[in-house]
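Participant: Okay, here's the structure, questions in a sec.
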Amino acid sequence: MWTNHHVAGFPHEKWWALKKTPGSIRSGVWNLAVAASSVFLLMANGCTKQDPYVPPDLFYYFASYKVGKNPTTVTPTDVNQDSFTDLVTTNMGSNTLSILLGNGDGSFGDQVELNVCKEPRSLALGMFNSDPFPDVVLACSGADEISVLFGRADGKFQEGTRYPVHRTPIAIAIDDLNGDQAPDLVVALRNDKIKVFLGTGTGEFTHGAQYEYGDTPTSVALADLDGDGKIDLAVTNGGPMLNAVSIWMGNGNGTFRPPTDYRTGKRPLAVSFADFNHDRISDLLVINGVQDSFTTFLGIGNGTFQPGRDSGADAGPNFGLARDFNGDRRTDVAIVNLQSSDISVLFGRDDGTFEYPPRNYRTKPGPFALASFHVTTKGTEEPGLVTADNGNGSVSIFLHRGLKTSSASIAPPP
Ligand SMILES: [Ca+2]
Ligand SMILES: [Ca+2]
Ligand SMILES: [Ca+2]
Ligand SMILES: [Ca+2]
């Protein structure tokens with residue numbers, strides 16, 4: 001059992017202990033990675049000496065903004081359609097959403113805090129009705145329901161219908177599962193169930209299939225993995241019986257075929273899709289909450305995956321995302337580490353492995369979730385990062401220094 005509140009008291013010494021005693025058992029993944037990169041350097045260099053790998057320093061801390069208590073997610077979107085990116089957080093400890101309207105320069109206005117359902121644990125955005133304002137659906141883990149909110153022109157949300165689920169919804173994802181252009185929902189319930197809701201296109205949902213499977217689902221993601229036009233599903237099962245990511249192939253009508261499990265690290269908490277090896281086939285990024293690792297799975301293209309490869313993060317990784325941060329066209333990852341209170345940025349090698357060491361950025365206490373965002377929705381400037389600081393009731397903005405600087409700093413010597 002674990003909850004999302006117990007983050008403030010985690011020791012910060014863990015990372016230092018790891019550095020001082022590199023032989024400790026907990027740093028196994030790290031040591032492997034260090035050993036592997038040393039071998040790589042030896043092989044690459046022959047007899048010549050080369051400086052150890054230094055990860056580029058791409059981001060800088062910009063500002064923090066107050067939100068509700070114990071934020072668990074942060075989602076960039078343009079709430080009021082003014083072309084500046086805004087932020088929405090779910091605050092489990094205060095049963096609220098916080099909406100921060102963007103100023104278009106990386107700064108945000110003060111939060112507007114809205115009372116919502118009990119313990120909003122996660123959020124998905126979609127266009128549920130016919131107006132141009134993004135709508136929200138919440139997995140309300142304290143109320144055994146999902147709650148729909150409709151976006152409005154003033155940047156607030158109007159409460160829609162709540163739908164009961166049985167029970168403890170923990171994660172939610174949106175896509176059109178049955179091809180009728182109306183967004184549908186997949187909800188992971190902590191008591192080993194996956195529940196589908198089908199959208200009507202007018203903002204309402206009907207109850208769809210429910211599957212009993214797995215062990216303590218923790219996250220869901222939707223994408224078409226085999227290119228048949230039917231949306232497929234990935235679910236992390238964080239319970240000790242499974243420690244796996246389950247892949248469910250979609251039938252295109254709101255139902256899924258029985259899943260295939262792929263072994264992850266211990267207690268997988270978050271799954272997302274990325275392309276780590278540049279072959280245009282979806283790969284998986286899974287963040288593991290125990291033993292400080294994350295796992296990448298390279299996709300084969302038919303909805304199946306190669307066995308996962310573990311890489312090390314800092315202490316207590318909780319959530320991650322994949323992007324090309326340094327502009328070398330290789331997909332990198334950024335991970336928030338709940339216990340060590342930092343972001344780790346790891347630079348990809350185009351094969352699902354990463355350069356070591358990562359570049360770490362200190363955050364406020366207990367960073368729980370992370371998103372990348374553009375300051376405006378139309379601009380082409382470099383993405384910033386935003387963390388939901390669970391232990392601090394804030395979001396924090398990290399801005400990108402810009403690719404010109406970073407590519408100069410990583411250019412080989414003449
Ligand atoms: Ca649909
Ligand atoms: Ca498919
Ligand atoms: Ca790929
Ligand atoms: Ca890259």
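Participant: Can you tell me which condition L321 does not meet? The list is (1) within 14 Å of ligand 3 (Cβ to nearest atom); (2) surrounded by fewer than 22 Cβ atoms within 10 Å (Cβ to Cβ); (3) under 15 Å from L370 (Cβ atoms), and all the others hold.
Facilitator: L321 satisfies every listed condition except (1).
Participant: I'd like the full set of residues that are within 18 Å of the chain's Cα centre (by Cα) and aliphatic (A, V, I, L, M), limited to region 349-393.
Facilitator: A369, L370, A371, L385, V386, A388
Participant: State all residues of region 278-306 that are touching a strand residue (DSSP E or B) at 6+ places or on another chain (Cβ under 7 Å) and more than 20 Å from V220 (Cβ to Cβ); if no residue qualifies, say none.
Facilitator: Selection gives I281, D292, S293, L298, Q306.
Participant: Can you work out which of the residues in region 324-358 that are touching a His at 6+ places or on another chain (Cβ under 7 Å) and more than 16 Å from ligand 3 (Cβ to nearest atom) is farthest from N390 (Cα to Cα)?
Facilitator: Residue satisfying both the conditions and the ranking: S340.
Participant: Tally up the residues in region 275-290 that are of a type outside the set (D, E), near ligand 3 (Cβ under 8 Å from one of its atoms) and in a strand (DSSP E or B), please.
Facilitator: Of the residues in region 275-290, 0 are of a type outside the set (D, E), near ligand 3 (Cβ under 8 Å from one of its atoms) and in a strand (DSSP E or B).
Participant: Still on this structure, please answer the following. Tell me, which residue of region 222-250 that is within 13 Å of ligand 2 (Cβ to nearest atom) and small (G, A, S) is surrounded by the fewest Cβ atoms within 10 Å (Cβ to Cβ)?
Facilitator: Taking the candidates together, the pick is G229.
Participant: Which one of A270, A234 is within 16 Å of ligand 3 (Cβ to nearest atom), assigned to a strand (DSSP E or B) and under 18 Å from N191 (Cα atoms)?
Facilitator: Residue meeting the stated conditions: A234.
Participant: Have a look at G208, G254, G301 and point out the one that is in a loop (DSSP other than H, G, I, E, B) and within 16 Å of ligand 1 (Cβ to nearest atom).
Facilitator: G254 is the lone residue from the list that is in a loop (DSSP other than H, G, I, E, B) and within 16 Å of ligand 1 (Cβ to nearest atom).
Participant: Quick one: how many residues across region 169-204 are surrounded by 17 or more Cβ atoms within 10 Å (Cβ to Cβ) and either more than 15 Å from ligand 1 (Cβ to nearest atom) or part of a strand (DSSP E or B) (or both)?
Facilitator: Residues in region 169-204 being surrounded by 17 or more Cβ atoms within 10 Å (Cβ to Cβ) and either more than 15 Å from ligand 1 (Cβ to nearest atom) or part of a strand (DSSP E or B) (or both): 22 in total.
Participant: Which of the residues belonging to region 295-317 are within 16 Å of ligand 3 (Cβ to nearest atom) and among the hydrophobic types (A, V, I, L, M, F, W, C)?
Facilitator: F297, L298, I300, F305
Participant: Consider only pairs whose beta carbons are under 7 Å apart and that are at least six residues apart or on different chains; among these, list those whose first residue lies in region 343-369 and is more than 13 Å from F59 (Cβ to Cβ) and whose second residue is within 16 Å of ligand 2 (Cβ to nearest atom) and modelled with pLDDT of 95 or more.
Facilitator: Sorted first by the residue in region 343-369, then by its partner, the pairs are G352/D283.
Participant: How do the pairs read when you match residues in region 196-224 that are among the charged types (D, E, K, R) with residues anywhere that are within 16 Å of ligand 4 (Cβ to nearest atom) and modelled with pLDDT under 95, using Cβ under 6 Å and keeping only pairs 6 or more apart or on different chains?
Facilitator: none
Participant: Within region 110-126, which residues are in a loop (DSSP other than H, G, I, E, B) and touching a Gly at 6+ places or on another chain (Cβ under 8 Å)?
Facilitator: Matches in region 110-126: Q111, C117, K118, E119.
The values are calculated or read from the model by the stated rules, or taken from the named source; none is laboratory data. A quick note: this is a predicted structure, and the numbers were derived from the prediction, not measured. Cβ atoms come from the backbone with ideal geometry, glycine included; neighbour counts cover every protein chain shown.
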